[in-house]
């Protein structure tokens with residue numbers, strides 16, 4: 001379960017994960033609100049500004065790029081992340097005509113390689129909706 005809250009700093013993404021497995025996993029906001037396995041239906045990273053991938057890229061980063069999640073051996077993780085410049089509605093909004101999703105990958109994001117930081121296969125996906 002993930003909760004998204006708009007703030008002056010950007011979109012706050014808070015969640016709890018269980019059963020993900022030990023180690024680092026990339027997490028990204030994706031451009032399409034579809035989650036059909038193997039989750040390629042979620043499209044690419046949310047990138048309305050057409051930037052390069054990764055926080056270490058001198059060309060900027062996708063607005064959907066987020067810090068890696070490091071899951072402990074117990075397999076349970078609570079996290080709070082901020083996506084600067086991202087909104088639910090309005091400028092740089094996730095909730096457009098085709099929606100958006102949040103995807104977790106099998107491996108860590110190296111924060112540089114385009115288009116997805118060599119983060120491996122998509123192992124979990126959730127459609128972003130208003131409640």
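At-a-glance table
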| read-out | value |
| --- | --- |
| Ascending count of other beta-carbon atoms within 10 Å, so fewest first, for 130, 95 | 130, 95 |
| Most mobile of 74, 93, 113 in a GNM of the chain (Cα contacts under 10 Å) | 74 |
| Fewest-first sequence of 127, 102, 13 by Cβ atoms within 10 Å of each Cβ | 127, 13, 102 |
| Stretchable slack from residue 93 to residue 49, in nm (0.36 nm times residue separation minus alpha-carbon distance) | 14.7 nm |
| For region 89-131, radius of gyration divided by Kirkwood radius, i.e. Rg to Rh on alpha-carbons | 1.07 |
| Max mean-square fluctuation residue, GNM over the chain, Cα-Cα springs under 10 Å, options 18, 87, 71 | 18 |
| Taking all pairs of distinct alpha-carbon atoms in region 19-94, Kirkwood radius in angstrom | 13.8 Å |
| For region 62-106, radius of gyration divided by Kirkwood radius, i.e. Rg to Rh on alpha-carbons | 1.04 |
| Ratio of Rg to Rh over the chain (Cα coordinates, Kirkwood Rh, two decimals) | 0.93 |
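None of the figures in this text is laboratory data; all of them are computed from the coordinates on show. All values derive from a computational prediction rather than experimental measurement. When we count neighbours, we look across all protein chains shown, and the Cβ atoms used for this are built from the backbone with ideal geometry, even at glycine.
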